[in-house]
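The values are calculated or read from the model by the stated rules, or taken from the named source; none is laboratory data. No experiment lies behind these values; they were computed from the predicted model shown. Every residue, glycine among them, receives a Cβ derived from its backbone with ideal geometry; neighbour counts consider all protein chains shown.
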Amino acid sequence: MKKICLTVVGLYIGLFAAFSQSNTDSSYRSRKLKIEEINLVSSYYHQEGDHAAVTGGIGSQKLTDFSNSLEVKLIRYDRANRKQTWSADIGLDHYTSASSDKIDPKSVSSASYADTRIYPSFSFSRENEKKGTEWGAGLSYSGEYDYTSIGASIHGSKKTANKMGELTVKGQVYLDQISLIYPIELRDGNSTDPLKRGGDSRNSYSLAMSWSQIINQRFQLAFLLDLVQQQGYLSLPFNRVYFTDGTVHVERLPDSRFKVPLGFRANYFAGDRLVLRSYYRYYFDNWGLTAHTASLETSVKISPFFSVSPFYRFYQQTGVDYFEPYLTHTPGKDFYTSNFDLSKFTSHFFGSGIRLAPPKGVFGIQHFNSLELRYGHYSRSNTLQSNIVSVHLKWK
Amino acid sequence: MNNKTTLPQEGNTLVKRALKLMGNRFEISIQESDSERAEELIQLAVDEIRRIEALLTTYHPESETNRINEMAGLAPVEVSTEFIALIQRAQRIAALTQGAFDLSYGSIDKRFWNFDAGMKSLPDPILAKKAVQLINYQNIEIDPLNKTVFLKEKGMRIGFGGIGKGYAADRAKEVLVKQGVKSGIVNAAGDLTAWGKQENGEPWTIGIADPRAASHLFSYINITDMSVATSGNYEKFVEIGGKRYSHTIDPRTGMPVSGIKSVTIISPYAELSDALATPVMVMGKAVGLDLLNQMKQVAALIIDENNQLHTTKNIQVI
């Protein structure tokens, strides 16, 4: 089904589908159409043979009827000429996840192997273009096999008088319910661990502030600050921890975490040929984790047919206070984890893309329009190493 | 932690060119990362539009349109296959709209009709009717075998003002699609056709002008592989006795039409969207919507004189 979204702006009192009172001024009369008139579109170019290219090139069968699938979104200006936006969405998708199958190796395909997620959302925003202000609020719901989440947000922004700077503040609350799925050997009957199966809650509250500033057409800056408070069950129930005495437990972490990321972004557009994007972020939380992220991305157009875009991202974090590797946690602690994502490490991700699009085709082959090669090397001090290569070829 | 290993992507590759063609502002936008190739492609589209302009114009005495008009009431004129096919499609729309769309609209008596804002009263219905007596699509005779077109009445004239821009947009798109352009928009002064998707995978967003002020948008629509045309009385209208009359003349009565401020048609072809927008204004919202609701693959938005929005049934409000 072809989906069309329609957004309507304006002060219109009513919105009607189809029929209204007949117009006596008209000299035209309603009449029943003939079959060929009903199907005028599909036979429109009939006499001229194949005109499929007009509709997108796939063929005339590509013309799908969009009856009852056009969506209308409404935006209206209120009496003060402020722009208001309402939108509602229902998203539906399907995903597969290979590693969640390791929770219970006996079942070939666990329920989460192909969950369907349903996530309706509703949002409202109102913009006063004259004053440069906007505010809005939203509600969302997301449900999965082992997880449901209700979210609410409120945001506001204000531009400076010359519209070059803008302050945005956004508050968000997520109320999550999680069902705890333990590793099979730690479920009822296999262990004396007090935390069995069942459900628990996890609530997140965040306040995000950002200041973006256009210095000039070529140079833009942004400062970002988030304050995040999480409350509730913050461990992952299927992460195993092995103690020095050989016993196995489920990861236990405090039920409260306060996180502060502080960031800075600068983009510079030096003409058409050179673009520089840089980003730095400092992060800390009350679990003892601090982290630095720095990244630089450039794109250099050497000629209209050849461009190079190198990038580098550096990341360093200290581990959380509760981390110890495999078989090194001593019994009797309140909290423990062996998740290496929470350990101390440094990572580097660097690489480059090159793009060739010579006018006579790549390697002199006319139809071989462009070749794009991207390579990235990711290395993490605690084990993980990976190389990512992607090739894009365009054939015409 | 923010440690995603995704590769950065290339920048925007949308290339645009705006220029005056067929007496209107055309804008051609295509998704093509090689800027020189993009210019070549756009030039091909421009050449195609110029070719159609030469075919349809009434400014050059040698155009096929003018040769037909000169021989009105005298003899059939041989024309190209492309021209015959365009007239045949136009005739189907004329029959569909009970003559509200009519290629011979240009036969109106210009001495009678001098539409301007100073008009204080409606014309005499008998005189108005007389001024449009030569408008009748049924008097356009097509002989597909001999490839001739004959206007049966002397003084009759045909013109492509109501369909030509849309046709040009469709043809320009066709040229680009055949050259391998996967995504773009040809905008013929508001009659536009869009295909493919934007670089970010989103459909194209098309703004529709507010009938209260053409420079403002009243709505926008996300489409792909679809064409949109809007007809409205934004600027050219008069108010007589508190009622707003458009510069559009009903070819049946010769009277200016009222009741609708703007009509937007969405269909797979720019030509069809273009050709249907004005006749719906002429037919009025009730008859127009009844017609469009019966048709497949056509959607419409109508704003009436009270600023109320009416849509075909295939458009839904959420």
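Read through the list (1) within 14 Å of chain A (Cβ to nearest Cβ); (2) assigned to a loop (DSSP other than H, G, I, E, B); (3) free of Cβ contacts under 8 Å to residues at least 40 places away in the same chain, then give the number of the only condition that B:A85 fails.
If we test B:A85 against (1) within 14 Å of chain A (Cβ to nearest Cβ); (2) assigned to a loop (DSSP other than H, G, I, E, B); (3) free of Cβ contacts under 8 Å to residues at least 40 places away in the same chain, just (2) comes out false.
For the structure I just gave you, tell me whether B:L55 is in a helix (DSSP H, G or I) and either crowded, with 18+ Cβ neighbours inside 10 Å or in contact (Cβ under 8 Å) with a residue 40 or more places away in the chain (or both).
Taking the combined requirement at face value, the residue satisfies it.
Can you pull out every residue in segment B:297-318 that is farther than 21 Å from B:N222 by Cβ and touching a Ser or Thr at 6+ places or on another chain (Cβ under 7 Å)?
Selection gives B:E305 alone.
Within segment B:60-82, can you find the residues that are of a type in the set (A, V, I, L, M, F, W, C) and assigned to a loop (DSSP other than H, G, I, E, B)?
Within segment B:60-82, B:M71, B:A72, B:L74, B:A75, B:V79 meet the criteria.
Being among the polar types (S, T, N, Q), assigned to a strand (DSSP E or B) and farther than 29 Å from B:V181 by Cα is the filter here; which residues of segment A:370-392 pass it?
Selection gives A:S379, A:Q385, A:S386, A:N387.
Could you list all residues from segment B:267-318 that are more than 7 Å from every other protein chain (Cβ to nearest Cβ), in a strand (DSSP E or B) and farther than 15 Å from B:A100 by Cβ?
B:L301, B:I303, B:D304
Test each condition in (1) exposed (fewer than 15 other Cβ atoms within 10 Å of the Cβ); (2) farther than 23 Å from A:R265 by Cβ for A:T346 and report the one that comes out false.
(2)
Within segment B:138-150, track down each residue that is free of Cβ contacts under 8 Å to residues at least 40 places away in the same chain and surrounded by 15 or more Cβ atoms within 10 Å (Cβ to Cβ).
The answer is B:N139, and nothing else.
What are the residue pairs meeting all of these: first residue in segment B:11-33, first residue outside any strand (DSSP E or B), second residue acidic (D, E), Cβ atoms under 8 Å, and 6 or more apart or on different chains?
Close Cβ pairs satisfying both conditions: B:N12/B:E199; B:T13/B:E32; B:T13/B:E199; B:M22/B:E53; B:S33/B:E10.
Is it true that some residue in segment A:383-393 is away from every other protein chain (no Cβ under 11 Å) and not polar (S, T, N, Q)?
yes
Select from segment B:30-49 the residues that are within 22 Å of the chain's Cα centre (by Cα) and surrounded by 21 or more Cβ atoms within 10 Å (Cβ to Cβ) and write down the one among them that is nearest to A:L356 (Cα to Cα).
Only one residue tops the list, namely B:I30.
Just one of (1) away from chain A (no Cβ under 14 Å); (2) surrounded by fewer than 21 Cβ atoms within 10 Å (Cβ to Cβ) trips up B:G162, so point out which.
(2)
Please work out if B:S246 is within 22 Å of B:Y167 (Cα to Cα) and either buried (at least 24 other Cβ atoms within 10 Å of the Cβ) or without any contact (Cβ under 8 Å) to a residue 12 or more places away in the chain (or both).
Against the criterion (within 22 Å of B:Y167 (Cα to Cα) and either buried (at least 24 other Cβ atoms within 10 Å of the Cβ) or without any contact (Cβ under 8 Å) to a residue 12 or more places away in the chain (or both)), B:S246 does not qualify.
Which one of B:L192, B:L145, B:L176 is closer than 16 Å to B:S267 by Cβ, modelled with pLDDT of 85 or more and among the hydrophobic types (A, V, I, L, M, F, W, C)?
Checking each option against the conditions leaves just B:L192.
Output the number of residues of segment B:151-188 satisfying the condition of being among the small types (G, A, S) and without any contact (Cβ under 8 Å) to a residue 24 or more places away in the chain.
Matching residues across segment B:151-188 total 1.
Anything in segment B:31-62 that is away from every other protein chain (no Cβ under 14 Å) and touching a strand residue (DSSP E or B) at 6+ places or on another chain (Cβ under 8 Å)? List them, or say none.
Hits for segment B:31-62 are B:I42, B:V46, B:I49, B:R50, B:E53.
Select from segment A:320-333 the residues that are out of contact with any Asp or Glu (no Cβ under 7 Å at 6 or more places or on another chain) and more than 12 Å from chain B (Cβ to nearest Cβ) and list them in ascending order.
Correct list: A:D321, A:Y322, A:F323, A:E324, A:P325, A:Y326, A:L327, A:T328, A:H329, A:T330, A:G332, A:K333.
Quick one: is B:T248 out of contact with any Gly (no Cβ under 8 Å at 6 or more places or on another chain), of a type in the set (S, T, Y) and within 8 Å of chain A (Cβ to nearest Cβ)?
No, not satisfied.
Checking the structure you have, find out if any residue of segment B:189-197 is in contact (Cβ under 8 Å) with a residue 24 or more places away in the chain, closer than 30 Å to B:A38 by Cβ, part of a loop (DSSP other than H, G, I, E, B) and within 11 Å of another protein chain (Cβ to nearest Cβ).
Yes: one or more hits.
Out of the residues in segment A:269-306 that are in contact with an Asp or Glu (Cβ under 8 Å, 6 or more places away or on another chain) and among the small types (G, A, S), which is nearest to the other protein chains (Cβ to nearest Cβ)?
A:S299
State yes or no: is A:G138 part of a strand (DSSP E or B) and at pLDDT below 80?
For A:G138, the condition - part of a strand (DSSP E or B) and at pLDDT below 80 - is not met.
Looking at this structure, is B:A214 outside any loop (DSSP other than H, G, I, E, B) and either under 20 Å from A:Y28 (Cβ atoms) or at pLDDT 90 or above (or both)?
So B:A214 fails the test.
Of all residues in segment A:337-369, count the ones that are in contact with a Gly (Cβ under 9 Å, 6 or more places away or on another chain) and either of a type in the set (A, V, I, L, M) or assigned to a loop (DSSP other than H, G, I, E, B) (or both).
5
Restricted to segment A:309-323, and to residues that are assigned to a loop (DSSP other than H, G, I, E, B) and in contact with a Phe, Trp or Tyr (Cβ under 7 Å, 6 or more places away or on another chain), which residue is nearest to A:D341 (Cα to Cα)?
A:V320
Could you please find all residues in segment A:298-342 being among the hydroxyl-bearing types (S, T, Y) and closer than 27 Å to A:N382 by Cα?
Of everything in segment A:298-342, those that are among the hydroxyl-bearing types (S, T, Y) and closer than 27 Å to A:N382 by Cα turn out to be A:Y312, A:Y315, A:T318, A:Y322, A:Y326, A:T328, A:T330, A:Y336, A:T337, A:S338.
Let me confirm something: among B:E153, B:E235, B:E202, which residue is among the acidic types (D, E), part of a loop (DSSP other than H, G, I, E, B), modelled with pLDDT of 90 or more and surrounded by fewer than 20 Cβ atoms within 10 Å (Cβ to Cβ)?
Exactly one of B:E153, B:E235, B:E202 is among the acidic types (D, E), part of a loop (DSSP other than H, G, I, E, B), modelled with pLDDT of 90 or more and surrounded by fewer than 20 Cβ atoms within 10 Å (Cβ to Cβ), namely B:E153.
Are there any strands (runs of 3 or more DSSP E) wholly within segment A:228-308 with 2 or more residues that are β-branched (V, I, T) and within 30 Å of A:N203 (Cα to Cα), and if so which?
Result: A:248-250, A:290-303.
When you scan segment A:268-282, do you find a residue that is of a type in the set (G, A, S), surrounded by 18 or more Cβ atoms within 10 Å (Cβ to Cβ) and at pLDDT 90 or above, even just one?
No - not one qualifying residue is present in segment A:268-282.
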